[in-house]
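The values are calculated or read from the model by the stated rules, or taken from the named source; none is laboratory data. None of these values were measured; they are calculated from a predicted model. FYI the Cβ positions are ideal-geometry reconstructions off the backbone, even for glycines, and counts take in every protein chain you see. All accessible areas refer to the heavy atoms of the entire protein, side chains included, with ligands and DNA or RNA removed. Shrake-Rupley method; radii C 1.70, N 1.55, O 1.52, S 1.80 Å.
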Amino acid sequence: MSVDVRGAHIGLVATTIVVVVVATLGSLGWAWTIAGCFGAWYSMALLVARLRDWRGWNAVRRAYVATFGWGDYITP
């Protein structure tokens with residue numbers, strides 16, 4: 001099963017909703033921690049994409065899908 005950018009958009013929206021809910025109902029510190037973990041994951045995925053000689057938007061797209069592509073699995 002391949003993951004596409006549409007699934008990554010869904011994952012980004014789901015992550016944003018979780019961060020907003022945690023910031024609203026819980027602690028702002030936990031919201032920053034969740035956002036920071038996803039930011040670190042994206043940065044590492046972008047570094048790996050660059051090390052594999054993917055350039056420009058192709059590297060950005062691959063890192064984006066690697067970080068948020070799990071959103072494809074939460075849709076029917």
Note to self: Going residue by residue through segment 25-32, is there one that turns out to be exposed (fewer than 12 other Cβ atoms within 10 Å of the Cβ), in a helix (DSSP H, G or I), free of Cβ contacts under 8 Å to residues at least 60 places away in the same chain and of a type outside the set (A, V, I, L, M, F, W, C)?
What the structure shows: yes
Item checked: All positions within segment 47-76 that are within 13 Å of Ile10 (Cβ to Cβ) and surrounded by fewer than 16 Cβ atoms within 10 Å (Cβ to Cβ) -> Tyr73, Ile74, Thr75, Pro76
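Please find, among Ile34, Ile17, the residue that is out of contact with any Leu (no Cβ under 9 Å at 6 or more places or on another chain) and more than 16 Å from Ile74 (Cβ to Cβ). Explain how you work it out, then say what you get.
On the way: Ile17 fails: more than 16 Å from Ile74 (Cβ to Cβ).
After applying the criteria, what remains is Ile34.
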Next item on the list: Quickly run through segment 2-18 and pick out the residues that are open to solvent by 80 Å² or more (accessible area, probe 1.4 Å) and without any contact (Cβ under 8 Å) to a residue 12 or more places away in the chain.
Entry: Ser2, Ile17
Margin query: Of the conditions (1) surrounded by 12 or more Cβ atoms within 10 Å (Cβ to Cβ); (2) of a type outside the set (Gly, Ala, Ser); (3) assigned to a helix (DSSP H, G or I), Val21 satisfies every one except a single condition; which number is it?
Written below: (1)
Check: Of (1) touching a Leu at 6+ places or on another chain (Cβ under 7 Å); (2) without any contact (Cβ under 8 Å) to a residue 60 or more places away in the chain, Gly39 satisfies all except one. Which?
Finding: (1)
